[in-house]
1. Once all Cα-Cα distances of segment 104-226 are split into 10 Å bins that start at 0, what whole-number percent is in each one?
2. Could you tell me whether segment 145-189 comes out rounded, prolate or oblate from its Cα gyration tensor? Rule is a ≥ b ≥ c as square roots of the eigenvalues, rounded for a/c under 1.5, then prolate if a/b exceeds b/c, otherwise oblate.
3. What ranking do 180, 266, 287, 141 get, fewest neighbouring Cβ atoms within 10 angstrom at the top?
4. Report the Stokes-Einstein translational diffusion coefficient (µm² s⁻¹, integer) for segment 249-297, Rh taken as the Kirkwood radius over Cα pairs, at 20 °C with viscosity 1.002 mPa s.
5. What does the highest-first list of 160-168, 111-119, 193-201 look like by mean Cβ count within 10 Å?
6. Going by C-beta contacts inside 10 Å, put 171, 300 in order with the fewest on the left.
7. Mind listing P(r) for segment 278-320? All alpha-carbon pairs, 5 Å bins, whole percents.
8. Spin-label point model (7 Å from Cα, Cβ direction): what's the residue 292 to residue 317 distance in nm?
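Bear in mind these aren't lab numbers, they're just calculated from the coordinates by the rules spelled out. Since the structure is predicted, the reported quantities are computational estimates derived from the model, not experimental observations. For neighbour counting, all protein chains shown are included, and Cβ atoms are generated from backbone atoms with ideal geometry for every residue, glycine included.
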Ligand code: URA
């Protein structure tokens, strides 16, 4: 099967009821073919990435707007605070990497906060969404065209937290609607739940992507610490309102930024941790699963989700 046919077969399979291992279909999606060289760009330029940030780039690399980081202040404001500061550059005009101070994970258990009625949560979340949109508005660009706040049940017992929106999420304003979102949906359904009963959010609420040096196409990338510092206070507030009984972090950045751990995801997945007193289960990101869709990885993720079901008092099933 050629690469394209394999991708198509994989896609088809992921759209069937058998997805997420209700039946065993071992499938490893092959790596996409190497990018086709752009004939309009000199060969040298295609190989050599721009030497330094701020150096002139060939036309095909030029982002339509500056990266979010290039506009980030030195000190990242907390929600509600005014934005201050400006990017700095040395005499050659090259940006100096700025020290980024990640805001600490707020102190105190969620249980110790003043109680919130479930009935008030939709309004409180809607107000927070509005505040978040206003605060992040200066960072809206051609790449991140809108804030992707989160979606689901404001009083959910279970909250999934991923890394950040990709192209599809940026288009729709809804988290996890692309390929990895389709797999996440199937994982949720396999747990006997639905997207409407859980809440889905992300560490960052703006798409992070850079132009590919070869093709000039935008490629999603993990958020930088500066981007996380700017966005994560809004996630902390979101969790304070939802107050889930269990959090599932999807992938390394969500695990790292919600627990402060320096350990890797492969080591920690499947082991209970806590976020402000809330049990937190780290598991692989669905996009990793899509890249490495082996029976072993599926079994690991399914095992993690079964632990979550047990914690929530749901009956574990034999699906995997
Ligand atoms: N990946 C994420 O981490 N979040 C999304 O919303 C989509 C893809």
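1. Per 10 Å bin, starting at 0, the Cα pair percentages come out as 12, 37, 35, 14, 2, 0.
2. Details: a/c = 2.28, a/b = 1.29, b/c = 1.76.
It comes out oblate by the Cα gyration axes.
3. Details: 180 23, 266 12, 287 20, 141 17.
Fewest-to-most ranking of 180, 266, 287, 141: 266, 141, 287, 180.
4. On the way: Rh = 11.1 Å.
Diffusion coefficient, whole number: 193 µm²/s.
5. Numbers: 160-168: 24.3, 111-119: 9.8, 193-201: 19.2.
Highest to lowest by the protection proxy: 160-168, 193-201, 111-119.
6. Values: 171 15, 300 18.
Neighbour counts put them in this order, fewest first: 171, 300.
7. Going from the shortest bin to the longest, the percentages are 5, 22, 29, 22, 14, 7, 0.
8. 2.7
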